[in-house]
Amino acid sequence: MASDYILGIDLGTTNSLVGVVDSGFPILLADGEGSRMTPSAVHYGPDGEVVVGSAAVRQRAVDVQHTVTSVKRLMGRRAGESAWQPPYDLAGLGKTAVQVSADILKHLKAVAERALEAPVTRAVITVPAFFNDAQRNATKLAGEQAGLTVERILAEPTAAALAYGLDKLEEHRRIAVYDLGGGTFDVSVLEMRDGVFQVLSTAGDTQLGGDDIDRTLAAWIWDNCGLDPARAYDDLQSLQRMRLIAAAEEAKKHLSSVSSTEVLLPFFLEQQSVQVTVTRSDLEGLTQPLMERTRKHCLRALADARCEVSDLHDVILVGGSTRMPLVRATVRAIFQREPDVSQNPDEAIGMGAVIQAGILAGSLRQVVLLDVTPLSLGIETFGGLMNVIIPRNSTIPCKAGEMFTNAVANQSEMLIRVLQGERELAKDNWELGRVAVPFPAGPKGSARVGVQFAIDANGILQVLARDTATQADTVLEIQNSAVDVDDSRVEQMIAESVDFAFEDMNERIWTEARLKSEELTTAVDEALIQCEGLLEPAETVKIRECNAEVRRLLGVEPHDARALKAANQALDEATQTLAVLLVERAMEAALERKLGL
Ligand code: ADP
Ligand code: MG
């Protein structure tokens, strides 16, 4: 039986990825060798055996003609671009681009089924934004040939934006996606409309990428190693060129984090080895012309979208080659801002495909649900206590509310202090804002003010206070404070809430008891006057004693919360008869009013 999983697949020119939302989390799946990135290479053996991935890349070294790479370039190219000449003869192999793509997808499906230990039949597959209908259909067909129902074809920049969490952007916000992979360059401008990204423009080159850098650097290494100055790079055997290219890619990747590296190829020409030092600035000199080409495409995409650099909310980096410092510097210069590098650039598209698949499968109801409130939100109540309305770790968006009343008579306004934190006392938490809610003055407990907290998908907290009598609303909006607290402060707050839990609890019991005491003692004083002469003298003495004890405890330092609670209880019990008398009197009075006496 097929499972409910829907796979997210990045079918890339150089590398492909597959993943799934499992238990609410988007994950990329690793193959038998532990790698989450599968080279998009297929080797067709003499007996019809099909090998995909790194094993096919290893075969390419000895059997170029039967190893298909970068087949995506044959699936579709941009209008006006010249055709790419592959180093293999696809027709000679008796294959079409769709069939090769299907073989890669079959492999990815198997990787997923092995990792999930369940059969899977549905998938979301990404394609370049410039792919036309026919090219999208060809991709879909490849999926079907691999035994997958393609639930959606998703544009790569859109997938990347999902992975970067930008689906939470406000309407009409624009972003640019700069994607420099192994063989291709794409730049797109997207705009958020009705909660989904629209591709406003896309530009690029299907023959511009990290591979070009590798080839240029391979030739440079040859020219600078001094092994056989008479022989040009192009005159080397193809196997030798491939060794140089592989070493060049290695050096290039290394130079993204160090400033100089050594290339060593033993026994390159019989007994002689290639040995040369490459610095980052050597590499950058060779890469600069490619950067100029990407710049032109970026300007073109901006112009096509009728968009200025300053209109962009964000610029995100996608593709393994954007790990190069020079590429980042180029993007910074073109878009005049720091690019967003918060995601793994060569996994962003795959991750986005997984998230989209999760949404379709219902395993991710909304991506924003992954966001939670780091700290509790609440308001200060009478006596300086923290009253939690939205507990910490609530998923957003969310809404919660409570009803409050006036604690003293003739109050005509309630001050609402919005607090964030885990401590029992209001003063130990952070104040996010305050708002005064007016209501008609009346006796104690007569006002009814509903307070509602709503956190939207952007983490903006809105506090709505409504006087139920007048239906008048007071609104307070607090920007981003709900989710924007830095981690260390959140950790500190939580640690303190544990450290002070005992003390806090004691303070809370004390405050509650104190409020109760104040209420009781005044009520008892008044009742004793009203019911004078109706009680046994001994009983009156007892009540007076209990009342005095409560008053005494209120003034004792340090606060003894337990004793005060016990004294309240004793006073409550001593006044049982008094309470009955009061009720009787109240009923008599009401009856008299009713009978018009
Ligand atoms: P594609 O989108 O074409 O499938 P990827 O996004 O996987 O490709 O990017 C592959 C390219 O990224 C290769 O050219 C590879 O050499 C390059 N690359 C990967 N890691 C680095 C790095 N650390 N520094 C520079 N280039 C890198
Ligand atoms: Mg890619």
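The values are calculated or read from the model by the stated rules, or taken from the named source; none is laboratory data. Computed from a predicted structure; not experimentally measured. Cβ atoms come from the backbone with ideal geometry, glycine included; neighbour counts cover every protein chain shown.
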Residue 151 is checked against (1) closer than 25 Å to residue 44 by Cα; (2) modelled with pLDDT of 90 or more; (3) not in a loop (DSSP other than H, G, I, E, B) and fails just one. What number does that condition carry? (1)
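Yes or no: residue 277 more than 30 Å from residue 151 (Cβ to Cβ), modelled with pLDDT of 95 or more and assigned by TED's automatic domain parsing to the domain that holds residue 202? Talk me through it step by step, then tell me what you get.
Values: more than 30 Å from residue 151 (Cβ to Cβ): yes; modelled with pLDDT of 95 or more: yes; assigned by TED's automatic domain parsing to the domain that holds residue 202: no.
No, not satisfied.
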Given (1) touching a helix residue (DSSP H, G or I) at 6+ places or on another chain (Cβ under 7 Å); (2) more than 19 Å from residue 136 (Cα to Cα), index of the condition residue 47 fails: (1)
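Within the range 15-34, can one find any residue that is under 19 Å from residue 88 (Cβ atoms) and within 13 Å of ligand 1 (Cβ to nearest atom)?
So in the range 15-34, the residues under 19 Å from residue 88 (Cβ atoms) come out as 15-16.
Restricting the remaining residues to those that are within 13 Å of ligand 1 (Cβ to nearest atom) gives 15-16.
So far as the range 15-34 goes, yes, one or more of its residues are under 19 Å from residue 88 (Cβ atoms) and within 13 Å of ligand 1 (Cβ to nearest atom).
On the given criteria, is residue 53 crowded, with 22+ Cβ neighbours inside 10 Å and at positive phi?
On the way: crowded, with 22+ Cβ neighbours inside 10 Å: yes; at positive phi: yes.
Taking the combined requirement at face value, the residue satisfies it.
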Considering only the range 406-429, state which residues are of a type outside the set (A, V, I, L, M) and crowded, with 16+ Cβ neighbours inside 10 Å. 406, 411, 417, 420, 421, 422, 423, 424, 428, 429
If we scan the range 184-191, do we find a residue that is within 13 Å of ligand 2 (Cβ to nearest atom), in contact with a Ser or Thr (Cβ under 6 Å, 6 or more places away or on another chain) and either at pLDDT below 90 or among the β-branched types (Val, Ile, Thr) (or both)? yes
Considering (1) away from ligand 1 (no atom under 14 Å from the Cβ); (2) farther than 12 Å from residue 314 by Cβ, say which one residue 206 fails and leave the rest. (1)
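Counting residues that are surrounded by fewer than 16 Cβ atoms within 10 Å (Cβ to Cβ), which strands (runs of 3 or more DSSP E) fully inside the range 161-259 reach at least 1?
Numbers: elements: 174-180, 185-193, 196-205.
Of the strands (runs of 3 or more DSSP E) lying wholly inside the range 161-259, those with at least 1 residues that are surrounded by fewer than 16 Cβ atoms within 10 Å (Cβ to Cβ) span 185-193, 196-205.
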